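Reading through the structure tokens given below for one structure.
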Amino acid sequence: LLSERSEELAVLLVDVTHPKVQDLYESWGYAKVGEQRPFADSPLYAVMLKDLLSR
């Protein structure tokens, strides 16, 4: 899905209560760079990035 994209980065949020999902994304080249709670009543998310220029 990302091979034809021209953006430099892909960014996603993963609920921190699902570490297996985070592990899966890490196996696909994403790295956790922080955590974010977008809204006061939302869960805490791991912010994950993947460099698309180094393919």
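Listed values, structure above:
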quantity	calculated
Cα-centre dipole for the chain with unit charges at Cβ (Lys and Arg positive, Asp and Glu negative), debye to 20	80
FRET efficiency estimate (nearest 0.05) - Cβ-Cβ, LEU2 to LEU44, R0 30 angstrom	0.75
Integer Hz, Karplus 6.51/-1.76/1.60 couplings in order for the range 4-10, x for Gly and Pro	9, 7, 9, 5, 7, 9, 10
Residue-count net charge about ALA46 - beta-carbon cut-off 14 Å; Lys, Arg +1, Asp, Glu -1	0
For the chain: relative contact order, % (alpha-carbon pairs under 8 angstrom, 6 or more apart)	45
Overall Cα dimensions of the range 9-51, principal axis frame, Å, largest first	29, 22, 11
Separation in nanometres of the label points that stand 7 Å from Cα toward Cβ, at ASP51 and LEU12	2.0
GNM top mover of VAL33, VAL11, VAL21 - the chain, alpha-carbon springs below 10 Å	VAL33
Vicinal HN-Hα couplings computed from phi for the range 13-18 (Karplus, 6.51 cos²θ - 1.76 cosθ + 1.60; Hz; Gly/Pro x)	10, 10, 4, 5, 7, 10
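Quick note: the coordinates plus some simple rules give every number you see, no bench work behind them. All values derive from a computational prediction rather than experimental measurement. Positions of Cβ are generated from backbone atoms using ideal geometry, with glycine treated the same way; all protein chains shown enter the neighbour counts.
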